[in-house]
Structure formats: structure tokens, C-alpha cells
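Below is one structure, written out as C-alpha cells; the observations come after it.
The values are calculated or read from the model by the stated rules, or taken from the named source; none is laboratory data. What you are looking at is a predicted structure, and each value in this text was computed from that prediction instead of being measured. In this analysis, Cβ positions are derived from the backbone assuming ideal geometry, glycine residues included, and neighbour counts consider all displayed protein chains.
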């Protein structure tokens, strides 16, 4: 159910915004393409594990009842954050960087809390699936997803710095990235 709502919001936003602005909203950069393929892989693996009840690679992180409660909380959080992200970005929503399209720098709503809420929603989704299903493969894929998200963020922030140099610098100094990339000490765009 989560996946239907999550992807449904994503697809609906892409279709309605594409029709409204009469332009492609999908960037053709390698970071976005690879990440979309990788994120789809994680979703397919999670669905396959849940449908086929695979026993190989199962790990017991926590008791099943606790795992379900924690996982559901993560999944609900991912839906709330993704919905807020899609709504707050308005017409500035893009999938990947489109350097030939000028968009407004959004710094309000959920974007006051984190510069990358939609990426946070993906990481929460992967964490939720991992906790509920408790498979080593999903845990590994979710950890690797952090690196894909980080690369997309670097590309996006480089573009935003170029498109909105003063405003983005102010915003970057006031608003943190999501917690998944706090493993890295990249405060300045190079």
C-alpha cells in the first residue's frame, strides 16, 4: 500500500507538472538515471522478498511485532515528508537537474527543515522496508542508497549554487542537508 501511495504521488506530480509547464521535468543526467534504476531495484527486491517469503539472508534485528511498528512509523513518515516535499516545491519540482530550465529556489515549508526532504523520504522508505522485512540484502542495498542520494544531492546543489548563488549560499548556511549525508563533511560546494 505504501509503495502505491508513494509512487502514485510521484507519478501524479510528474504528469500534472509536465502538462502545466509543457516541458520535460526529467533531467537526463547520469546521477538521476542510475539512482532511479537503483531505487527501483531496492523496491523490486523488497517486493520479491515479501511476496515469495525468501528465507535466505533473513536476519532478526528486532522482534517481528516491534519491527512492524518501527517500520510502519518509518513508512508513514516517508509518505508525509514526500507529500510535503512535492507540495512545497510546486512548479520547481524536477527529477534530476535540468540546467536549461530556471526554477525558483524553494526555502519554505519542509525545505526550512532540510534541503533534501524528498531524498529523506526515500531513505525512510528503504529503512522501513528493511526493518519490516529484516533481510541482510535489503540492509546492504539501503546503506548503498545513501551514496546514490549523496551524489544526486551534490549535483543538485552545484546547480542551485550556479542558478541562485547568493540565495542558495544563504539557504545552505541556514538549513542542513538530510541526516543521511551528515556522514560526510561537505559544507561547501567545490
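Are any of the residues in the stretch 71-81 closer than 21 Å to residue 105 by Cβ, modelled with pLDDT of 95 or more and crowded, with 17+ Cβ neighbours inside 10 Å? Steps first, please.
Of the stretch 71-81, the ones closer than 21 Å to residue 105 by Cβ are 81.
With modelled with pLDDT of 95 or more added as a condition, the list becomes 81.
Then keep just the ones that are crowded, with 17+ Cβ neighbours inside 10 Å; that gives 81.
Within the stretch 71-81 (the criterion being closer than 21 Å to residue 105 by Cβ, modelled with pLDDT of 95 or more and crowded, with 17+ Cβ neighbours inside 10 Å), the answer is yes, since at least one residue qualifies.
Can residue 55 be described as at pLDDT below 95 and under 24 Å from residue 146 (Cα atoms)?
Answer is no for this residue.
Consider residue 91 against the criteria (1) in contact (Cβ under 8 Å) with a residue 40 or more places away in the chain; (2) under 13 Å from the mean Cα position of the chain (by Cα); (3) assigned to a helix (DSSP H, G or I): it satisfies all of them except one. Which criterion is unmet?
Residue 91 satisfies all of (1) in contact (Cβ under 8 Å) with a residue 40 or more places away in the chain; (2) under 13 Å from the mean Cα position of the chain (by Cα); (3) assigned to a helix (DSSP H, G or I) except (2).
Regarding residue 166, is this residue at pLDDT 90 or above, assigned to a helix (DSSP H, G or I), out of contact with any strand residue (DSSP E or B) (no Cβ under 9 Å at 6 or more places or on another chain) and closer than 30 Å to residue 48 by Cβ?
No, not satisfied.
Among the numbered criteria (1) modelled with pLDDT of 90 or more; (2) under 21 Å from residue 140 (Cβ atoms), which one does residue 9 miss?
Going through (1) modelled with pLDDT of 90 or more; (2) under 21 Å from residue 140 (Cβ atoms) one by one, residue 9 breaks only (2).
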